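Okay, so here's the structure we're looking at.
The values are calculated or read from the model by the stated rules, or taken from the named source; none is laboratory data. Everything numeric in this text was worked out from a predicted model, so none of it was measured. Every residue, glycine as well, gets a Cβ built from its backbone with ideal geometry; the counts of neighbours run over all protein chains shown. Ligands, DNA and RNA are excluded from the accessible area calculation, which covers all protein heavy atoms including side chains. Shrake-Rupley method; radii C 1.70, N 1.55, O 1.52, S 1.80 Å.
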Protein chains: 2
Amino acid sequence: MAMRMKLKLKTVFVLYFMVSLLGLVYALMQLGQRCDCTEHDMAKDRTISRLRGELHRLQEQMRKSEATKQPQKQPAMPSLSTIFVITPTYARLVQKAELTRLLQTFLHVPQLHWIVVEDSPHKTQLITDLLFKSGLTYTHLHMPTAKDRKLQEGDPSWLKPRGVEQRNEGLRWLRENRRAQPGGDSQQGVVYFADDDNTYSLQIFEEMRSTQRVSVWPVGLVGGMKYERPVVEGGKVVRFHTGWRPSRPFPMDMAGFAVSLKLVLDNPEACFDGEAPIGFLESSFLQGLVTMDELEPKADNCSKVLVWHTRTEKPKMKREEALQAQGLGSDPAVEV
Amino acid sequence: MAMRMKLKLKTVFVLYFMVSLLGLVYALMQLGQRCDCTEHDMAKDRTISRLRGELHRLQEQMRKSEATKQPQKQPAMPSLSTIFVITPTYARLVQKAELTRLLQTFLHVPQLHWIVVEDSPHKTQLITDLLFKSGLTYTHLHMPTAKDRKLQEGDPSWLKPRGVEQRNEGLRWLRENRRAQPGGDSQQGVVYFADDDNTYSLQIFEEMRSTQRVSVWPVGLVGGMKYERPVVEGGKVVRFHTGWRPSRPFPMDMAGFAVSLKLVLDNPEACFDGEAPIGFLESSFLQGLVTMDELEPKADNCSKVLVWHTRTEKPKMKREEALQAQGLGSDPAVEV
């Protein structure tokens, strides 16, 4: 009887031991999982980028099926590199309008992370609200330009380069937040500098996504030219089509290249030199990263213009000032 | 011996039971405690549901267009009024860039039909290709401006109104193609005049979609002002905040109103008068359609700026011309 009881107890004990061990293991796993929003976010980010990808794919499909009247087979989406877009911006009358249309472009691009760097001693409410409502994955930074480097009222826009400290702040953030994590592919990504007044086709983002080191393409309406572009022969960039000092190391506009995140992380000192002579800002950053020979031409061997250096007129405020003098100006509480 | 073993086993069992119970309870508590990322989540959730909506819409649209093989006729969402956007456009260096970012905005708007009217004696290849690849539902028209009405090189832009014949051509097309069909609700729709250089928030389209007769809202950065807007009291427009001749019948910019399709169809003679004095073009169209009292204020009683009268600088081509003189100009075969 005692023997039987012992046996029974042993069985129960072993069974219970196994069940409860599972519970303990689970509890330990829970302990190991830090409670932060990052992981939580990542799932949503993945959902968002998956949805964007699908949307983009569907739009492409529609376009194609309209052309061919034959729905095409869809290749499975490989995991997409994140495009980190660094946009320096500063307060002015057209700022909200510019960023509004820019973000509408970015909303079409799967797996895009917008790094907006305000030229300001603090984050402004306007940009905070705009980003929050944007529906984009974003990082909001600020970095005021040193006073002696700032353009003064009436200065021609080419006198001092704009956005230098802000782009560098974007790079700093990337280096701090996307540095190599053991076993992770956190370095998979592309860095692009997109000013808030340019015009970007959606295709340019798909072109740059496969950047290995530094990819390049034409930029329309820049430097007093219809376009500037790298000239490609035998798949290599051999010189540059530009209207001014083609002998510069990289006579390209900021909008004409993208850099792999890995290259940015592997070269922690590479940044934009605000003291560089006019027209040498892009070179100051690229010089330490790449040689002309290594540039990867995109946009059909640099034969297509997919980004334009558009500039928006500064709005005249003559009537506003006249009305303000009479106390009848526009309500300052209305955000423009 | 067996008894002692049984006792010992019992003690071990009870001890182990208690310890493991604690583990289980902890695991259960962990299960109950979810990371609190609610606030953070909300924006992402909104994005996800917006994307899902768009995806759904697109899938619907594809399904229907596959069924009918007539992409232009399918009302993807019968409950939504179609917004017919009439955009006059003319050939210039920034044309493709402007239309590119404009169409990226429109791609976000459900049930939008873009009527592009070129100021040209024929449809150009550039616009034909751009529209074909756009992914939008569109109609491509052209109508050259009479020579004596055309702005000449060097004329100030306000001297003669631009886009008059093109907007009227858009109206003509609507009247010919969307007139009452027996039993159909083809008259359900809204007509909006969107120039190709302005900036449009996505919200403005949802504001205008419910237009009964004529809806109105503020326009930013127009007429030398931070904004112009109808002034609303008790839900009615009572006057206009404008920097110039507030006594005009409708002192509003083209971007500041939308008209129901029904009203356009019911008033077949209403059009823009190219001979109207400067600043009276909008009035020439609206005068026969509506009274100030009937205007429907949108954008939170005209307190929000959701559209901006941005203007793009004409790019300088000095270096291009210098290089062309040497036979080294940009390749004219490259579309910009």
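Taking the stated definitions as given, is A:P277 modelled with pLDDT under 95, more than 22 Å from A:T105 (Cα to Cα) and open to solvent by 20 Å² or more (accessible area, probe 1.4 Å)? Answer is yes for this residue.
Residues in segment B:183-219 that are assigned to a loop (DSSP other than H, G, I, E, B), of a type in the set (S, T, Y), more than 25 Å from B:E313 (Cα to Cα) and at pLDDT 95 or above: 2 in all. Filtering segment B:76-120 to residues that are farther than 23 Å from A:V305 by Cα, within 14 Å of chain A (Cβ to nearest Cβ) and of a type in the set (A, V, I, L, M, F, W, C) leaves B:A76, B:V109, B:L112.
Each row is one residue, and each column tells you yes or no for (1) away from chain A (no Cβ under 14 Å); (2) outside any strand (DSSP E or B); (3) under 25 Å from B:Q188 (Cα atoms); (4) among the basic types (K, R).
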| position | (1), (2), (3), (4) |
| --- | --- |
| B:V232 | no, no, no, no |
| B:R239 | no, no, no, yes |
| B:G243 | no, yes, no, no |
| B:S247 | yes, yes, no, no |
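Take A:F285 and tell me if it is part of a loop (DSSP other than H, G, I, E, B) and aromatic (F, W, Y). Spelling it out, it is not the case that A:F285 is part of a loop (DSSP other than H, G, I, E, B) and aromatic (F, W, Y). Inspection of segment B:279-292 identifies no residue that is in contact with a Leu (Cβ under 8 Å, 6 or more places away or on another chain) and of a type outside the set (A, V, I, L, M, F, W, C). Scan segment B:220-227 and tell me whether some residue there is part of a loop (DSSP other than H, G, I, E, B), over 20 Å from the mean Cα position of the chain (by Cα) and on the phi > 0 side of the Ramachandran plot. Yes: segment B:220-227 contains one or more residues that are part of a loop (DSSP other than H, G, I, E, B), over 20 Å from the mean Cα position of the chain (by Cα) and on the phi > 0 side of the Ramachandran plot.
Taken as a whole, the structure leaves A:T242 outside the set of residues that are at pLDDT 95 or above, open to solvent by less than 30 Å² (accessible area, probe 1.4 Å), among the polar types (S, T, N, Q) and within 23 Å of the chain's Cα centre (by Cα).
Residue-by-condition table, conditions (1) in a loop (DSSP other than H, G, I, E, B); (2) within 30 Å of B:L221 (Cα to Cα):
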site: A:G279; (1), (2): yes, no
site: A:D293; (1), (2): no, no
site: A:T310; (1), (2): yes, yes
site: A:R319; (1), (2): no, yes
site: A:G329; (1), (2): yes, yes
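In the set (1) modelled with pLDDT under 95; (2) out of contact with any Leu (no Cβ under 9 Å at 6 or more places or on another chain), B:R179 fails one condition alone, (2). Return yes or no: is A:V334 within 8 Å of chain B (Cβ to nearest Cβ) and either over 30 Å from A:E206 (Cβ atoms) or at pLDDT 95 or above (or both)? Answer is yes for this residue.
Residue by residue, here is whether (1) open to solvent by less than 20 Å² (accessible area, probe 1.4 Å); (2) of a type in the set (K, R); (3) under 20 Å from the mean Cα position of the chain (by Cα) holds:
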| position | (1), (2), (3) |
| --- | --- |
| B:Q104 | yes, no, yes |
| B:H122 | no, no, no |
| B:S134 | yes, no, yes |
| B:A146 | no, no, no |
| B:K150 | no, yes, no |
| B:N168 | no, no, no |
| B:N177 | no, no, no |
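Going by the structure shown, is B:R311 within 14 Å of chain A (Cβ to nearest Cβ), closer than 26 Å to B:E169 by Cα and open to solvent by 30 Å² or more (accessible area, probe 1.4 Å)? For B:R311, the condition - within 14 Å of chain A (Cβ to nearest Cβ), closer than 26 Å to B:E169 by Cα and open to solvent by 30 Å² or more (accessible area, probe 1.4 Å) - is met.
Quick grid of which residues meet (1) in contact with a His (Cβ under 8 Å, 6 or more places away or on another chain); (2) away from chain A (no Cβ under 14 Å):
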| position | (1), (2) |
| --- | --- |
| B:S134 | no, no |
| B:T137 | yes, no |
| B:L141 | no, yes |
| B:T145 | no, yes |
| B:R149 | no, yes |
| B:P156 | no, no |
| B:L159 | no, yes |
| B:E165 | no, yes |
| B:N168 | no, yes |
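Residue check: is B:L261 aliphatic (A, V, I, L, M) and in contact with a Gly (Cβ under 8 Å, 6 or more places away or on another chain)? Criteria met by B:L261. Looking only at segment A:321-336, residues that are more than 16 Å from B:T310 (Cβ to Cβ) and open to solvent by less than 30 Å² (accessible area, probe 1.4 Å) come to 4 in all.
Of the residues making up segment A:190-218, those that are under 17 Å from A:I115 (Cβ atoms) and open to solvent by 40 Å² or more (accessible area, probe 1.4 Å) number 0.
Do we have any residue at all in segment A:280-298 that's open to solvent by less than 30 Å² (accessible area, probe 1.4 Å), in contact (Cβ under 8 Å) with a residue 40 or more places away in the chain and among the small types (G, A, S)? Within segment A:280-298, none of the residues are open to solvent by less than 30 Å² (accessible area, probe 1.4 Å), in contact (Cβ under 8 Å) with a residue 40 or more places away in the chain and among the small types (G, A, S).
A single member of B:W114, B:W173 is surrounded by fewer than 20 Cβ atoms within 10 Å (Cβ to Cβ) and among the hydrophobic types (A, V, I, L, M, F, W, C), and it is B:W173.
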